[in-house]
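Working notes for the structure below.
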Amino acid sequence: MRGAALLAARLICGSAAGILVAGCAEAGFLAQLGKSATGSAARDTGQGGFVVGEPYQAAGVWHAPREDYALDETGLGVVVAVRAGARTANGEAADPNKLTAQHPTLQLPAIVRVTNLENGRSVLLRVNDRGPAEPGRLIGLSPQGGRLLGFPARGAAQVRVQVVGAESRQVAAEARARTPIPASQQIAIAPAPRPAVQAEALPPPPGARVATSPRSAAPLPAPPPTSAVQLASLPTERLPDTLTQSYAAPGTLWVQAGAFGNAQNAERMRARLSGVGPSRAVPLTSGGRTLWRVRVGPAASVGDADRLLAAAIRAGANEARIIVD
């Protein structure tokens, strides 16, 4: 990916305009709860539960939510309106002053690092909602997240979104512990039958000594109750307003229609999109497996990328999205 090496370089920064900039610090729509929706008990606490959800379609594009602790993708990010106190897709209480985000497919909650490729700023955000509703947008940031990353008040910015694996697994475990199992998914298990056992006293064998004061065995220690096992808690409910500054590395906008494991299928999709704009099938080998990514573009602007995306969807590419490369 273009600019990946630049993102690794860190600048030494200080405090500016009331925003803490640390050069070495790392600090739903359509009610997308699906069949894994949290119960009311979890939602009433305001902390929310764990949600993945079922595949759904929005603005002509299909999304398949899944657990992904290694996601690393690029696209366009926007600032979304957050109404204080409203419930997110996993039942958390929304707060426009927190560093939160919307994502169409990630497990909820998750911790992601979002980098504004246009100015090099990056910050950690808690993904707790589905969205954004605007077509062709990869992630929607809370107003506070948008301010820290220097997003335009209106419009989109090129971003890179990376899941922070360890922290995301921890908040997922915490949320699972708060998520009640729906009654429809509970399985009643009957206790095993306990047959009556008859005992008979037998005399000691010849030559055996009879103890006059038998000793009682020390009782085994009782196992700790499940509730005593507590997860180590990080301050992820409200992430600190701390960001990392790197070099700006804007890229080129493309519309990616899909990634195919079969070259013939990729070529068929490329041919279908030939009327939309310049299209190509680009091979990519990862982990010993080759995929063919079908792309249209490049786009000259965000508006041009939106036009190509809409045309690709009309042509049958119902998993198309805008990427930065």
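Conditions tested, residue by residue: (1) out of contact with any Cys (no Cβ under 8 Å at 6 or more places or on another chain); (2) closer than 22 Å to ALA64 by Cβ; (3) not charged (D, E, K, R).
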site	(1), (2), (3)
PRO278	yes, no, yes
LEU284	yes, yes, yes
ARG293	yes, yes, no
ALA300	yes, no, yes
ARG307	yes, no, no
ARG321	yes, yes, no
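Only residues in region 162-179 that are among the hydrophobic types (A, V, I, L, M, F, W, C) count as the first member; pair them with residues that are in a helix (DSSP H, G or I) and at pLDDT below 90, Cβ under 9 angstrom, at least 6 apart or cross-chain, and list the lot.
ALA175/ALA42
Table: residues versus (1) of a type in the set (Val, Ile, Thr); (2) farther than 18 Å from THR74 by Cβ.
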site	(1), (2)
THR100	yes, yes
PRO104	no, no
VAL112	yes, no
VAL127	yes, no
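If a residue has to be at pLDDT below 95 and either assigned to a helix (DSSP H, G or I) or of a type in the set (D, E, K, R) (or both) to count, how many in region 149-164 make the cut?
1
Taking into account only those residues within region 88-104 that are modelled with pLDDT of 95 or more and more than 16 Å from GLN144 (Cβ to Cβ), which is surrounded by the most Cβ atoms within 10 Å (Cβ to Cβ)?
Per the criteria, the residue is HIS103.
Tally the residues that are more than 17 Å from PRO152 (Cα to Cα) and not in a strand (DSSP E or B), restricting the search to region 67-96.
Number satisfying all stated conditions: 15.
So, in region 74-110, how many residues would count as being within 15 Å of ASP241 (Cβ to Cβ) and either among the aliphatic types (A, V, I, L, M) or under 10 Å from the mean Cα position of the chain (by Cα) (or both)? Step through it out loud before you land on a result.
Taking region 74-110 first, the residues within 15 Å of ASP241 (Cβ to Cβ) are 95-101.
Still in the list and also either among the aliphatic types (A, V, I, L, M) or under 10 Å from the mean Cα position of the chain (by Cα) (or both): 99, 101.
So the count comes out to 2.
I'd like the residue in region 144-177 that is over 19 Å from the mean Cα position of the chain (by Cα) and surrounded by fewer than 20 Cβ atoms within 10 Å (Cβ to Cβ) and, out of all such residues, is nearest to THR105 (Cα to Cα).
GLY155
Just to be sure, is ALA266 within 23 Å of GLY155 (Cα to Cα) and outside any strand (DSSP E or B)?
It is false that ALA266 is within 23 Å of GLY155 (Cα to Cα) and outside any strand (DSSP E or B).
Of everything in region 276-296, what is surrounded by 10 or more Cβ atoms within 10 Å (Cβ to Cβ) and of a type in the set (Gly, Ala, Ser)? Give them in sequence order.
Correct list: GLY277, SER279, ALA281.
Whether any residue in region 115-126 is over 25 Å from GLN245 (Cα atoms) and in a strand (DSSP E or B) is what I want to check.
no
The values are calculated or read from the model by the stated rules, or taken from the named source; none is laboratory data. Only a predicted model underlies this, so the values are computations on that prediction, with no experimental measurement involved. Counting neighbours? That spans all protein chains shown, and the Cβs are built from the backbone with ideal geometry, glycine included.
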